[in-house]
Every structure is written in C-alpha cells, then in structure tokens.
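Shown next, in structure tokens, is the structure this report addresses.
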Amino acid sequence: MITTSYCIRLSCEDYEFAEEWGRCLAEALGKSRPYAPRWDDNLQRWIVKGSSLLLYGLLKRAKKDPWILKPYLEEYPAEACRGFFDAEGWVNVKCYQIVAGNTDPRIVYLFEELLGKLGIDYRTYQCRQKEFMINPRTGKIYRRNNENRLFLAILGEENILKFAEKVGFTIVRKQVELMKLVGRYRGS
C-alpha cells in the first residue's frame, strides 16, 4: 500500500521515460520489481509513484538546495544527465545542438558539472520568458514563477557524438532526433 503523504510521483507524456523512472525508483528503494507506469485518462499522462519517507525527505530538501543531490548524481553522471535531458531537453537538428532548459540556475549548474565529468563541453545562456503561459491541454492561463530560463546547449561534432555515446535519451522520439543529428555528422 502506498502512503500518499510520502509519495514520490512522476507525471509525463512519454511511456519510455515513465518506465525507466519507475525502474530507477525501484532500484533506489531496493525493490525487486520496477514501479509500473499507469495511464491517467484525466491528465492524459503516464503516472508512476512509489513511497519512501527517506527519499521524500531528501527530494524535499533538494528543492531548496539541489546541490545536496550531487554525491548521488556523481556516482552515475551519464544516467543523471540522461534523466535531466529526457525531462528538460530536446534536439534541434537544424541548429546542430542538444538543449535543456530550466528556470532554476542551480539545477543547470549542477548538470554543467556532471557534463564536465563526462568530458562534454557545453554553453549556457539565459533567455527571458513571457510572463504568462497557456496550458495547451486545458487552455488555462498561468503566470510564470520565474521570468528567466537558463539553457544548457551542447554544440559541435565532438560534443554531440560524446553525448550520443555516453548519455543519449530514453525517450524514443528524442533518441530518433539525436540519431538524425549524429547522421548529419557521419554523412548518412
């Protein structure tokens, strides 16, 4: 039985990401079977949830200071970066780049450090966002909490190929775009 007060939950549109997240959550919690994604008709998203007082507390503290996760993420930098880019990133084939964005600069700086450990160079830049956003699913208008968004961009053949080899994507649609970009460098 899952206790909702210490529930760790993911909601996403990609089954592959939800499945991998459920596998990693089960591994982190010492479970023998992965947590299975469940489709939520109301949200039109995949949901994965597990329960752990210890992990819940750690993640709650990490919201205030993401750097407390550094010792855990440093053990698996490629996997950590894959999760970050699966959640926050995309491939821009036309511009020959892989990009991830977040409004919390501390998170972006943490992943800069992890990419550095993998020997992948990057560029960071900041863009101003519109003050309001419209939820495409519901049409509701929301005010953004932060007016700036920081982007972590991987550019250049050597770095893109290293990213493809060492990190990659779990999400198939993003992996397909990455392979298109790699194909441009390899002439196929």
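The values are calculated or read from the model by the stated rules, or taken from the named source; none is laboratory data. Given the structure is predicted, the values throughout are model-derived calculations rather than measurements. Quick reminder, even Gly has a Cβ in these numbers, built from the backbone with ideal geometry, and neighbours come from all protein chains shown.
Six or more apart or on different chains, Cβ under 6 Å: which pairs go from a residue in region 159-177 that's closer than 12 Å to Leu115 by Cα to one that's modelled with pLDDT of 95 or more and of a type in the set (D, E, K, R)? Could you list them?
Asn159/Asp121; Val167/Arg82
Sort through Val108, Val93, Val99 and tell me the only one that's among the β-branched types (Val, Ile, Thr) and in contact (Cβ under 8 Å) with a residue 60 or more places away in the chain.
Result of the check over Val108, Val93, Val99: Val93.
Residues to consider are Glu131, Glu177, Glu158; find the one that is charged (D, E, K, R), at pLDDT 95 or above and within 30 Å of Asn42 (Cα to Cα).
Step by step, each of Glu131, Glu177, Glu158 is checked, and only Glu177 is charged (D, E, K, R), at pLDDT 95 or above and within 30 Å of Asn42 (Cα to Cα).
Give just the number: which of (1) buried (at least 16 other Cβ atoms within 10 Å of the Cβ); (2) closer than 29 Å to Arg186 by Cβ; (3) aromatic (Phe, Trp, Tyr) does Tyr35 not satisfy?
Result: Tyr35 fails condition (2) only.
Applying the selection to region 1-46, what residues are in a loop (DSSP other than H, G, I, E, B), touching a residue at least 12 places away in the same chain (Cβ under 8 Å) and out of contact with any Lys or Arg (no Cβ under 9 Å at 6 or more places or on another chain)?
Listed by number, the residues that qualify are Thr3, Leu29, Lys31, Ala36, Pro37.
Cβ-Cβ below 6 Å, separation at least six or inter-chain, first residue in region 48-61 and among the β-branched types (Val, Ile, Thr), second part of a helix (DSSP H, G or I): which pairs?
Val48/Ala18; Val48/Trp21; Val48/Gly22
Would you tally the residues in region 50-87 being in contact with a strand residue (DSSP E or B) (Cβ under 9 Å, 6 or more places away or on another chain) and farther than 19 Å from Asp104 by Cβ?
5
Based on this model, can you work out whether Ile47 counts as among the β-branched types (Val, Ile, Thr) and under 30 Å from Asn159 (Cα atoms)?
no
Out of region 72-122, which residues are surrounded by 20 or more Cβ atoms within 10 Å (Cβ to Cβ), in a loop (DSSP other than H, G, I, E, B) and out of contact with any Leu (no Cβ under 6 Å at 6 or more places or on another chain)?
Ile120
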